[in-house]
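Structure, as structure tokens:
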Amino acid sequence: MRKILKKLGWILLILLLLLATAACWYWRASLPKIDGSIKLAGLNAPVDIVRDAEGVPHIYAKSSADAYFALGFVHAQDRLWQMEMNRRIASGRLAEILGPGAVDTDRFLRTLGISHNAEGILANLAPETRAMLEAYTKGVNAYLSNRTQALPPEFYLTGAPTPAPWQPIDSIGWETMMAWDLGGNWTQELLRMRLSQRLSLQQINEFLPPYPGDAVQKTQDYTKLYRELAGTTEQLRAVAQIAPPSLVEGMGSNNWVVSGALSETGKPLLANDPHLGLSAPALWYFAQLSAPGLNVIGATLPGIPGVVLGHNDRIAWGFTNTGPDVQDLYIERVNPDNAQQYQTPDGWAEFKTRTEIIKVKGHADVTLEVRETRHGPVITGALPIVAHAPLDAKKYAIAFAWTALRPDDLTLQAGMHVETANNWDEFLQAVRDFSSPQQNMVYADIDGNIGYVAPGRIPIRKPENDLKGLAPAPGWDARYDWGGFIPFDALPRQYNPATNRIATANQKIVPDDYPYFLTSEWTLPYRANRIAELLAAQPKHNLDSFAAMQKDTVSLAAQDLLPLMRPTVARSANARTALKMLEGWNGEMLADRPEPLIFNAWTRELSRQIFADELGDELMNDYWEQRNVQASMVNVLKDVDGQSRWCRNINDLAAKKPQSCADVLASSLDVALADLQKRYGTDMAAWRWGDAHQARSEHRPFSKVGLLAKIFDIRVASPGDTYTLDVGRYNLRDEAEPFVSHHAPSMRALYDLSNLENSRFMQSTGQSGNVLSPLYRNFNQRWAGVSYIPMQMKRESVEVNKLGVLTLTP
């Protein structure tokens with residue numbers, strides 16, 4: 001028996017050694033080659049790729065085409081799984097590797113027709129742009145054809161096949177998906193339509209109030225129409241629930257620039273931090289491209305050629321989302337005698353149709369018939385009918401209009417021209433082609449100039465449009481058709497303003513007398529006001545003061561609410577303790593303090609108790625978001641125009657003593673504190689905002705797979721809230737983790753135009769997309785602490801402590 005056990009022990013030991021050897025081999029084999037040389041077809045001359053101490057590749061080439069080729073190569077080396085997912089999302093091919101659970105998302109994406117539109121865009125690109133795109137594509141495919149590196153672990157864990165050759169339309173499709181996440185007005189249209197089932201127009205305008213200082217948009221009373229279309233609303237709700245997961249989610253980002261008059265160097269300083277959905281790996285990949293006529297460094301998007309945000313030898317630029325209304329839903333009337341037709345102002349017209357075949361892992365193919373109207377794809381037919389929805393598909397369909405679904409979108413071309421712009425005039429000329437999504441672009445150059453422009457294709461709403469793009473419109477009525485697009489030269493613009501400063505944070509960026517309609521759904525101006533405060537706080541700025549601004553966590557939104565909440569009469573000892581703690585707190589959302597946790601838990605429960613009875617549980621849950629309740633909560637507690645009536649519980653209107661806002665404040669505080677005790681213990685002083693408010697960078701798709709999420713997701717305690725400069729937006733609807741931040745500064749950059757080599761940047765995870773790489777999460781702690789890495793371009797600086805030099809040769 002002992003001999004048998006001894007023999008089994010040796011067998012087990014050998015198996016363990018073999019497994020350890022295999023694991024060690026795979027770990028090494030999965031990492032990219034970063035030293036030595038590789039011979040590749042498609043190059044014109046040798047290219048050096050120097051990976052600096054942080055893993056950022058600096059590409060030194062003898063032509064722009066070779067530089068873009070090398071960028072495609074390093075993107076594939078470091079982010080192959082991310083690129084594969086990106087193109088599958090854009091083309092609606094997730095179910096091929098993820099199975100039936102991804103079919104509904106594929107249906108929606110195929111219906112949008114991103115890949116079909118990308119083919120049209122490709123045909124319209126200028127020859128030199130197409131040449132650079134093709135060079136990038138060749139670089140990706142050169143890696144795939146000559147790959148000695150093992151595939152990332154996601155391919156083996158999902159059973160996904162070896163990637164097919166990259167195509168130019170894959171790059172264009174992913175760029176369109178970025179525009180999708182930055183232009184999502186259609187969900188707010190759906191919200192207004194669904195609110196119409198329960199609320200009056202006045203109540204809707206109170207729940208979704210106008211931008212501070214603006215009047216309510218005058219519209220027709222659309223509630224009657226939508227109550228007759230309850231089924232349509234339910235159908236659209238299903239669309240919204242399976243639409244592709246948000247990567248960016250619209251309204252976020254800060255940028256600001258000051259001239260030399262306000263800087264210690266006498267030259268401009270520029271700051272930018274785009275607030276996007278956190279992902280693992282990060283959305284951004286840092287790189288430098290250097291070739292004759294091209295020397296640029298900054299943030300690139302794996303799958304897309306070029307630097308999106310950064311600087312070259314002469315200029316720097318940064319973006320925030322303008323948030324224009326560029327998406328509309330149209331209710332199309334179907335011909336009762338011919339289901340292949342819909343009504344237009346000129347009579348009945350045929351739906352355009354195409355057939356899509358969705359391949360599903362382990363299951364039969366799914367056939368999808370896509371219809372299109374003159375406004376865009378019909379999105380209601382893309383999904384299974386909700387069981388309880390009484391929509392009669394013989395009567396109506398919902399079409400989706402979006403400025404990005406046009407073959408003349410030349411945004412990719414604009415981005416590549418920005419990289420080589422030398423001055424303001426060349427920058428403006430480059431962004432004339434920038435179509436979607438509209439961005440607030442701040443600019444600075446080494447000559448001392450600063451500027452701002454908001455390029456993009458924005459539809460003109462006709463004066464007779466009495467819905468103002470706020471809610472779905474009758475597609476058969478010409479009043480609601482777009483009347484062209486705002487001319488480029490009429491878009492917002494500044495150059496060397498007398499104030500010597502420009503700042504945007506998704507706030508309203510046009511005066512009241514601006515002749516065109518951009519949107520009425522601007523982000524509340526808390527961040528913009530805080531930037532203005534801090535810029536005015538000292539006469540001269542430097543990169544360190546700009547860094548302190550990017551690190552700032554004072555919430556003006558909290559300061560708006562605190563005076564309305566502090567007078568609450570406590571009903572318990574816990575409430576008295578909490579109110580005492582909040583007494584002298586200034587709304588600073590520090591990770592290591594309990595006050596932010598108490599405040600945010602209280603306002604979460606407060607918003608539920610104020611609005612849930614009017615909205616109903618379903619609507620409240622679907623749209624329970626701080627941006628949807630902040631302004632309305634302030635108005636209710638201030639009793640603006642009698643809005644304190646929202647505090648009454650409509651389910652108990654017969655009460656002898658109607659519930660007041662004071663009652664709701666006291667009740668919600670006790671409920672919130674009881675919930676926090678369950679989550680974090682009874683010692684209130686030991687609670688920490690950072691414990692609840694972790695920044696979670698989610699892996700696609702393993703963030704949804706228990707054990708794998710623990711390995712592939714990246715979490716770190718973080719400060720801030722939805723309205724702080726160091727933003728950390730959370731999901732009120734998430735009962736399990738209501739304060740986890742999913743939306744934060746995806747990267748930060750500071751540019752010194754007196755010496756661009758002093759510039760700094762940082763992104764949220766690391767350069768590698770391989771979970772086994774030391775570069776997968778090495779930026780994360782530093783990012784949370786708002787520190788930076790150098791943004792250097794001179795080769796002698798880059799090579800200090802470099803990780804390796806890889807030479808690609810023809």
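The values are calculated or read from the model by the stated rules, or taken from the named source; none is laboratory data. Because the structure is a prediction, the values reported are computed rather than measured. Note that we place each Cβ from the backbone using ideal geometry, even for glycine, and neighbour counts take in every protein chain shown. Side chains are part of the model used for accessible areas, which takes the heavy atoms of the whole protein and leaves out ligands, DNA and RNA. Shrake-Rupley method; radii C 1.70, N 1.55, O 1.52, S 1.80 Å.
A few comments on the model shown:
- Rolling a 1.4 Å probe over the protein chains gives Phe517 an accessible area of about 50 Å².
- Stokes-Einstein diffusion of segment 623-713 at 25 °C, 0.890 mPa s viscosity, Kirkwood radius from Cα pairs, rounded to a whole number: 145 µm²/s.
- Sorting the segments 126-136, 322-332 by their residues' average number of neighbouring beta-carbon atoms within 10 angstrom, most packed first, yields 322-332, 126-136.
- In terms of distances greater than 25 angstrom between alpha carbons, the cross-link table entries Lys508/Lys551; Lys638/Lys678; Lys224/Lys638; Lys33/Lys710; Lys551/Lys710; Lys267/Lys551 yield Lys638/Lys678; Lys224/Lys638; Lys33/Lys710; Lys551/Lys710.
- Look at (1) 27.2, 94; (2) 37.6, 120; (3) 31.1, 111: the one that is Rg and Dmax of the Cα atoms in Å derived from this structure is (1).
- On full extension, the segment bounded by Asn338 and Ser145 gains 64.3 nm, given 0.36 nm per residue less the C-alpha separation.
- Options Tyr443, Phe427, Ala478, ranked by Cα towards positive dipole end of segment 339-494, top entry (Cβ charges): Ala478
- Remark: segment 639-742 carries a charge dipole of roughly 280 debye about the Cα centre, counting +1 on each Lys and Arg Cβ and -1 on each Asp and Glu Cβ.
- Dipole magnitude of the chain, debye to nearest 20 (Cβ charges: Lys/Arg +1, Asp/Glu -1, about Cα centre): 2360 debye
- Total formal charge among the other residues, if their Cβ is under 11 angstrom from that of Arg371, Lys/Arg +1 and Asp/Glu -1: -2
- For segment 743-810: rounded, prolate or oblate by the Cα gyration tensor [a/c cutoff 1.5]: oblate
- Ranked by how many other beta carbons lie within 10 Å on average, peptides 409-419, 196-206 from highest: 409-419, 196-206
- Ordering of 493-500, 802-809, 338-345 by burial proxy (mean other Cβ atoms within 10 Å per residue, highest first): 802-809, 338-345, 493-500
- Spin-label model, Asp365 to Ala41: label points 7 Å out along the Cα-to-beta-carbon direction sit 3.1 nm apart.
- Loop sites in segment 675-738: trypsin sites (Lys or Arg not before Pro), DSSP, at most 14 other Cβ within 10 Å: Arg733
- Cα gyration tensor shape for segment 477-533, rounded if a/c is under 1.5, else prolate or oblate: oblate
- Segment 653-810 shape via C-alpha gyration tensor axes, a/c threshold 1.5: prolate
- Full extension of the chain between Lys394 and Asp425 yields a length gain of 5.8 nm, computed as 0.36 nm times the residue separation minus the alpha carbon distance.
- Using just its DSSP H runs of length 4 or more, each adding -39500 (n - 2.57), the chain gives a mean residue ellipticity at 222 nm of -11000 deg cm²/dmol after division by all residues.
- Each residue of segment 561-568 was assigned a 3J(HN,Hα) from its phi angle through the Karplus expression (A = 6.51, B = -1.76, C = 1.60, θ = phi - 60°), giving 8, 3, x, 7, 9, 4, x, 3 Hz with x at Gly and Pro.
- On the basis of the beta-carbon distance and an R0 of 22 Å, Asp617 and Arg645 show a calculated FRET efficiency of 0.60.
- Rounded to the nearest 0.05, the FRET efficiency derived from the C-beta distance between Ala131 and Lys656 at R0 = 51 Å is 0.05.
- Taking Lys and Arg as +1 and Asp and Glu as -1, the other residues whose beta-carbon sits under 15 Å from that of Ser718 total -1.
- Potential lengthening of the chain between Arg28 and Asp512 amounts to 168.2 nm, from the contour at 0.36 nm per residue minus the alpha-carbon distance.
- Once C-alpha pairs closer than 8 Å and six or more residues apart are averaged by separation and normalised to the residue number of the chain, the relative contact order reads 19 percent.
- DSSP-defined antiparallel bridges as percent of all bridges, the chain, nearest 5: 85 percent
- Around Asp445: net Lys/Arg minus Asp/Glu count, Cβ-Cβ under 12 Å: -2
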